[in-house]
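Notes for the one structure printed next.
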Amino acid sequence: MEFYQKPVMEPRPADEYCAECDAPMTGDEAALNYKLVGKKTTHLLCPACLGKRMELKPETLREMITLFRKQGCTLFSPWVEE
């Protein structure tokens, strides 16, 4: 039996900017806001500003992005083994 595999895509940059510091954000960083804050949020924050609000290091948030990608969460770009 053959299984369907989703096409592999590279992470793409988003046209989003942090609502607090105006830093450019990737699509995965925007997706992290949707995952942690809520899907209806319009106040997107970069990992540095989101980390300050949640009392987490930006590195921890980037690790969470990798974890969610590896788990196959559809909010994030697909994980590609290197």
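The values are calculated or read from the model by the stated rules, or taken from the named source; none is laboratory data. No experiment lies behind these values; they were computed from the predicted model shown. Surface accessibility is based on the protein's heavy atoms, side chains included, excluding ligands, DNA and RNA. Shrake-Rupley method; radii C 1.70, N 1.55, O 1.52, S 1.80 Å.
Here are a few things to note about the model shown:
- Hey, LYS52 closer than 20 Å to GLU20 by Cα and modelled with pLDDT of 95 or more or not: yes
- Residue that is open to solvent by less than 100 Å² (accessible area, probe 1.4 Å) and at pLDDT below 90, where the choices are PRO58, PRO7, PRO13, PRO47: PRO7
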